[in-house]
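Before any comments, here is the structure.
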Amino acid sequence: MARDYTTIAGAIAPHSDVLVCETMSRADEAAAACKAALETGKKVWVSWTLSEEADGTLISGETIEEAVAALPTLDGVDALLFNCSSIEAVDAGLPRLRACIPDRIKIGAYANGFHTVKSEGTDSAAGALSDKEGEKAAPSEYRKDLTPEAYAQAGAGWVKKHGACIVGGCCGIFPEHIKALSDLINKMEVEGVEGYGGESEVAERPAKLARRQQ
């Protein structure tokens with residue numbers, strides 16, 4: 001695993017401004033990816049994926065604190081994040097992450113929009129009516145309750161309540177979600193909303209996608 005990440009980091013570093021070690025489901029995997037990325041001298045972000053239990057653990061069952069402790073060093077790490085996780089898991093994880101790392105390190109999240117057995121607002125197993133009258137379509141893999149407005153409120157909450165500096169969207173979060181999130185955060189900055197320091201940014205990759213699709 002260490003050799004693989006060294007190869008990957010070495011190949012992409014010359015073409016990158018930031019190396020993002022994302023969707024890390026285990027502490028040892030994140031540690032190996034982080035070490036390889038740091039050795040390139042580039043700015044490094046590490047992003048874990050969280051359990052559906054929304055209990056402050058990774059998919060592996062390891063705690064956030066254990067995942068942070070497993071990193072080879074925090075020197076050179078610019079941001080620690082969560083991605084491809086439910087908004088509920090992110091809500092549970094961010095305060096624990098903030099509490100166990102130095103203030104200089106940014107935190108943030110880009111959640112997903114998929115429903116799971118733990119999600120609210122999911123489709124029923126029976127599905128919805130299809131285009132052919134009387135037939136049932138397969139249930140959607142996306143959460144019905146996670147509208148662009150709802151996702152924007154969740155992301156703004158990460159900024160206001162937990163001090164997130166980087167927010168965006170992962171799988172199942174679409175350009176309209178990113179636009180709503182960006183618009184709300186910009187409004188918070190203009191209006192000087194309490195608890196918002198004005199330094200958050202919508203994660204670059206989905207923000208660019210949103211601009212292309214407008």
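Quick test for you: out of 27, 13, pick the one residue that is touching a residue at least 12 places away in the same chain (Cβ under 8 Å), open to solvent by less than 60 Å² (accessible area, probe 1.4 Å) and more than 18 Å from the chain's Cα centre (by Cα). If you could, list the steps in order and put the result at the bottom.
Details: 27 fails: more than 18 Å from the chain's Cα centre (by Cα).
Just a single option satisfies the conditions, and that option is 13.
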Output the residues belonging to region 38-85 that are touching a residue at least 60 places away in the same chain (Cβ under 8 Å), open to solvent by 10 Å² or more (accessible area, probe 1.4 Å), closer than 19 Å to residue 108 by Cβ and of a type outside the set (A, V, I, L, M, F, W, C). 78
Pull up region 132-151, narrow it to residues that are at pLDDT 95 or above and farther than 16 Å from residue 89 by Cα, then point me to the one that is most open to solvent (accessible area, probe 1.4 Å). 149
Would you kindly identify the helices (runs of 4 or more DSSP H) lying entirely within region 1-99 that contain at least 1 residues that are under 18 Å from residue 158 (Cα atoms)? 64-70, 87-99
Whichever residue in region 86-108 is in contact with an Asp or Glu (Cβ under 8 Å, 6 or more places away or on another chain) and within 20 Å of residue 145 (Cβ to Cβ) and, among such residues, is least open to solvent (accessible area, probe 1.4 Å): 89
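The values are calculated or read from the model by the stated rules, or taken from the named source; none is laboratory data. Since we're looking at a predicted model, the values are computed, not measured. Positions of Cβ are backbone-derived with ideal geometry, glycine not excepted, and every protein chain shown enters the neighbour counts. Accessible surface is based on the protein model in full, side chains and every heavy atom, while ligands, DNA and RNA are left aside. Shrake-Rupley method; radii C 1.70, N 1.55, O 1.52, S 1.80 Å.
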